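Read through the structure below, which is laid out as structure tokens, and then see the notes.
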Amino acid sequence: MDDEEIPVHDLRTDRPTPARMYDYYLGGKDNFAVDRDAAEQVLASAPEVRVLARENRAFLGRTVRFLAAEAGIRQFVDVGTGLPTQGNVHEVAQAVAPGSRVVYVDNDPIVRAHAKALLPDDGTTAVVEADMRDPGPILDHPDTRRLIRFDEPVAVLFMSVLHFITDAEDPYGLVAAFRDVCAPGSHLALSHITPPERGADGAESAADVYKKRATSPAVLRSPKQIEAFFDGYEVVDPGLVNLPRWRPDDPGAARDAEAVWMLGAAGRKR
Ligand SMILES: C[S@@+](CC[C@H](N)C(=O)[O-])C[C@H]1O[C@@H](n2cnc3c(N)ncnc32)[C@H](O)[C@@H]1O
């Protein structure tokens, strides 16, 4: 990896980060030995985590396509972006509506460095390095102000990221802070890990690896707790469901959906 512009201390090569572990599950190359080791420990408890990661990316793609094509959204704030991979938000949105604008937000410096190198140089996207636990600086950031008009509908995405925020850190309050600045007709879309119906021990052990080793713990939340993020929104069909069940491109492919212990939904602000 060539990350000379990031101070080594900021890179946290001593501890696994969620962004780099996720990159490893997806088969990416932007990870270190410490990330691979922790990710392998997760996979030893819950081998299906690789499938979850892939299903999550597919869900993200379908949701953004829905938001751009059916909900008419032209501006997106993608909170907890992750390392660039295939089907990034601006690529999916701009395939439907060229010129759609995207602000990417992540607190891992490696995400900013890689995203900056890979984002198009056409003024439609920006990457903001910030912690979502403090929404104010994200909403006030000059790049956010340049790209996003909060008096027009916006989609705010929290894909596979709210489970890195503990209850003590007020995940509901931070989602509400974004909701409160968005115009009616704006949308919220999110995915979140949940205790599986089968194999709950494996999921708990996997979450435990994050708690003990990574820079953030991982919190499994019940469907009711996840639904509560949509306070102030009308959840669109099919509601909060296991990811493969959310508007699948191929309905036959959603057969073993319960094995994917991640739920997702999208909602429209009233
Ligand atoms: C599992 S990845 C998900 C990436 C992408 N959203 C997706 O669904 O494919 C979680 C991302 O959230 C970021 N993240 C975790 N905690 C965060 C925080 N407090 N503020 C901003 N980003 C955070 C991580 O750095 C990582 O890139």
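The values are calculated or read from the model by the stated rules, or taken from the named source; none is laboratory data. Everything numeric here is computed off the predicted structure, so don't read it as measured data. A quick note on method: Cβ atoms are made from the backbone with ideal geometry, for glycine too, and the neighbour counts reach across all protein chains shown. The area values use the complete protein model at the heavy-atom level, side chains included, leaving out ligands, DNA and RNA. Shrake-Rupley method; radii C 1.70, N 1.55, O 1.52, S 1.80 Å.
List of remarks:
- Within the range 88-140, tally of residues that are closer than 21 Å to Thr215 by Cβ and part of a strand (DSSP E or B): 6
Here is a yes/no grid of residues against (1) under 18 Å from the mean Cα position of the chain (by Cα); (2) more than 15 Å from the ligand (Cβ to nearest atom):
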{"site": "Asp106", "(1), (2)": "yes, no"}
{"site": "Thr124", "(1), (2)": "no, yes"}
{"site": "Tyr172", "(1), (2)": "yes, no"}
{"site": "Ser186", "(1), (2)": "yes, yes"}
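- Selected residue (only one of Ala168, Ala203 is more than 14 Å from the ligand (Cβ to nearest atom), farther than 15 Å from Val103 by Cα and not β-branched (Val, Ile, Thr)): Ala203
- Number of the exception - Asp151 against (1) within 16 Å of the ligand (Cβ to nearest atom); (2) surrounded by fewer than 21 Cβ atoms within 10 Å (Cβ to Cβ); (3) not polar (S, T, N, Q): (1)
- Checked against (1) open to solvent by 10 Å² or more (accessible area, probe 1.4 Å); (2) within 13 Å of the ligand (Cβ to nearest atom); (3) out of contact with any Pro (no Cβ under 6 Å at 6 or more places or on another chain); (4) under 21 Å from Leu11 (Cβ atoms), Ile110 passes all but a single condition, namely (1).
- Apart from one condition, Val92 fits all of (1) open to solvent by less than 20 Å² (accessible area, probe 1.4 Å); (2) more than 22 Å from Thr17 (Cα to Cα); (3) hydrophobic (A, V, I, L, M, F, W, C); the exception is (1).
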